[in-house]
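The values are calculated or read from the model by the stated rules, or taken from the named source; none is laboratory data. This one's a predicted model, so the numbers in the text were calculated from it and none came from an experiment. Cβ placement follows ideal geometry from the backbone for every residue including glycine, while neighbour counts extend to all protein chains displayed. Surface areas here come from the heavy atoms of the whole protein model, side chains and all, with no ligands, DNA or RNA. Shrake-Rupley method; radii C 1.70, N 1.55, O 1.52, S 1.80 Å.
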Amino acid sequence: MFHDHNNKSVSISVSDDEPDEPGKMRVRARRKRKKLSHKRFLRNFLFKYWMLLIIIPAACLLIFEVSAISRKPNPNPNLKQVISESITRESKHSLGNEVVHGNLNRLDPTTHVVAGVRERCLKLLPPEKLEQLDIPVEEGSSSPIDKLLYVISESDSSFLGENTALSQLRTEGTRFNLFTGNQTFEERGKSFEVKESTTVHCGFYSENGGFKISDEDKSYMLACKVVVSTCAFGGGDDLYQPIGMSEASLNKVCYVAFWDEVTLKAQELVERRVGENGFIGKWRVVVVRDLPFSDQRLNGKIPKMLSHRLFPQAKYSIWVDSKSQFRRDPLGVLEALLWRPNAVLAISEHGARGSVYDESKAVVRKNKAKPEEVKVQINQYRKDGFPENKRFDGKKALCEASVIVRKHTPLTSRLMCVWFNEVVRFTSRDQLSFPYVLWRLKAFKNINMFPVCTRKDLVNSMGHIRKAKPLRS
């Protein structure tokens, strides 16, 4: 090997194992930026979608549990039936064959807020004063009607011919019959005239008109001075025992429930039988035979509106629809709603509407009556000049008549008679005709239109249990 001694050079060793420092720093910087980028991405993702990350696993767990339960075999396939039968047995044992309902036997008061203060809707006297209540002694009457006479049949031949006056008012045949009497349209107009002595159609027109009551029941009803009444025709609603009364009321108030033979049999099927004394609990059950209308709603208007005919010696009556349980002291209710405000009739305001014309549209919309019947009624009221006011003399025009509290006077009896005739003539939706009757009779002076919350305090609303069976025409 030859060496050039004159070439002065420096050798530098280069190895792959020792990279240069600037390159190494660049690689580290890139890795650091990449890690920071991943962290920011993860943080933003969690911030935006944290709810989904919780909900999705929870939903998956729920689905898994449900599927596991559905796959699990039932050791007792009749368990649900056994529990249901057990509840029914306990209910019947504790309530005398009454099936438990959420509102049944509730005595808690209904309240509302007045000027920022919560008050009870029905202001009853305290219990010790309720026990001392008695029926007030009758004083001189200020009623514009001194004597009320009822049209009765001398001959039933008037029902053999066609009533041409009514055929002009209705699209179908008239519902007037031997029970109602054949009220002409002229007689209808005269029934609204205020005179000291007035003669009106008021049911019980003919001995052949139906609504037959036994002599034993008539004798009991004749002795009633204050009565709480209800009815269930066509096997409809159950009978709910009244609650909340004082000992004084128990000795002074009659509780009468009107049934027909269909309801009697329906109640016997669920072991709710009338005792030998004619009672079920506190209710005297009066079984009515030969109901006059095929429409059970019209049959129900008889005890509802004509209590003065059914209880001729009674001074006061309280009507309660069969879908409700009366839960207050009757004498206390009379004191709060009639005696204290000096009223002769108390009835609830309507909760949803104030105008008869608005209510007529709702009745048709909800299929509560035939549109052609409602149209005839409303057209007649317009023709008579009945206004569309939602209030008369400061009182709401429209009522809800599931509870009616009244003193039996010639004025209130006449009001109920003409109201009943309007219901028979037009539609069974009595809230359509009540404001009209008040307007025609100018009877607003001593009417207590109490608010809806007061009605809710008076009764436990149970709703209709089953549909009443219509009679064959």
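Restricting attention to segment 185-202, the residues that are out of contact with any Cys (no Cβ under 8 Å at 6 or more places or on another chain), open to solvent by less than 50 Å² (accessible area, probe 1.4 Å) and assigned to a loop (DSSP other than H, G, I, E, B) total 1.
Report, ordered by the first and then the second residue, all pairs with beta carbons closer than 9 Å, sequence separation of six or more or different chains, a first member in segment 108-120 that is modelled with pLDDT of 90 or more, and a second member that is loosely packed, with under 10 Cβ neighbours inside 10 Å and among the charged types (D, E, K, R). These pairs meet every condition: THR111/ARG118; HIS112/ARG118. Restricting segment 275-286 to residues that are assigned to a loop (DSSP other than H, G, I, E, B) and open to solvent by less than 50 Å² (accessible area, probe 1.4 Å), which is farthest from ARG429 (Cα to Cα)? My answer is GLY275.
Does any residue of segment 204-224 turn out to be free of Cβ contacts under 8 Å to residues at least 60 places away in the same chain, open to solvent by less than 20 Å² (accessible area, probe 1.4 Å) and either in a helix (DSSP H, G or I) or out of contact with any Pro (no Cβ under 9 Å at 6 or more places or on another chain) (or both)? The answer is yes; a qualifying residue exists. In segment 400-412, the qualifying residues are those that are farther than 20 Å from GLU359 by Cβ and open to solvent by 10 Å² or more (accessible area, probe 1.4 Å), and the one that is farthest from the chain's Cα centre (by Cα) is PRO410. Of the residues in segment 348-368, at least one is in a strand (DSSP E or B) and either touching a helix residue (DSSP H, G or I) at 6+ places or on another chain (Cβ under 6 Å) or over 14 Å from SER428 (Cα atoms) (or both). Of the listed requirements (1) touching a Gly at 6+ places or on another chain (Cβ under 9 Å); (2) open to solvent by less than 10 Å² (accessible area, probe 1.4 Å), ARG289 misses just one: (2). Consider segment 324-340 and keep the residues that are in a loop (DSSP other than H, G, I, E, B) and open to solvent by less than 10 Å² (accessible area, probe 1.4 Å). The one that is nearest to GLN132 (Cα to Cα) is ASP329. For VAL227, the test of being in contact (Cβ under 8 Å) with a residue 60 or more places away in the chain, under 24 Å from the mean Cα position of the chain (by Cα) and open to solvent by 10 Å² or more (accessible area, probe 1.4 Å) is failed. Looking for something at pLDDT 95 or above, of a type outside the set (D, E, K, R) and not in a helix (DSSP H, G or I) - is there at least one such residue anywhere in segment 419-426? Yes, segment 419-426 contains a residue that is at pLDDT 95 or above, of a type outside the set (D, E, K, R) and not in a helix (DSSP H, G or I). When the test is whether a residue is assigned to a loop (DSSP other than H, G, I, E, B), open to solvent by less than 10 Å² (accessible area, probe 1.4 Å) and in contact (Cβ under 8 Å) with a residue 12 or more places away in the chain, GLY234 passes it.
Could you say whether any residue in segment 413-428 is of a type outside the set (Ser, Thr, Tyr) and surrounded by fewer than 21 Cβ atoms within 10 Å (Cβ to Cβ)? No, segment 413-428 contains no residue that is of a type outside the set (Ser, Thr, Tyr) and surrounded by fewer than 21 Cβ atoms within 10 Å (Cβ to Cβ). Considering SER294, SER317, the condition of being in contact with a Ser or Thr (Cβ under 6 Å, 6 or more places away or on another chain) and in a loop (DSSP other than H, G, I, E, B) is satisfied by SER294 alone.
Selection of segment 244-274 for residues being part of a loop (DSSP other than H, G, I, E, B) and open to solvent by 30 Å² or more (accessible area, probe 1.4 Å) yields GLY244, MET245, VAL270, GLU271, ARG273, VAL274. Of the residues screened, ARG382 is one that is of a type outside the set (A, V, I, L, M, F, W, C), free of Cβ contacts under 8 Å to residues at least 12 places away in the same chain and in a helix (DSSP H, G or I). Pairing each residue of segment 391-402 that is assigned to a loop (DSSP other than H, G, I, E, B) with any residue that is of a type in the set (D, E, K, R), provided the two are 6+ apart or on different chains, yields C-beta distances under 7 Å for ALA397/LYS390; ALA397/ARG391; LEU398/ARG353; LEU398/GLU359. Please work out if VAL403 is more than 13 Å from ALA346 (Cβ to Cβ) and touching a Phe, Trp or Tyr at 6+ places or on another chain (Cβ under 7 Å). Spelling it out, it is not the case that VAL403 is more than 13 Å from ALA346 (Cβ to Cβ) and touching a Phe, Trp or Tyr at 6+ places or on another chain (Cβ under 7 Å). Filtered by the rule that a residue be more than 14 Å from TRP419 (Cβ to Cβ) and touching a helix residue (DSSP H, G or I) at 6+ places or on another chain (Cβ under 7 Å), segment 315-325 gives TYR316, SER317, ILE318. Please tell me if ARG309 is open to solvent by 10 Å² or more (accessible area, probe 1.4 Å), assigned to a loop (DSSP other than H, G, I, E, B) and either modelled with pLDDT under 95 or not polar (S, T, N, Q) (or both). Answer is no for this residue.
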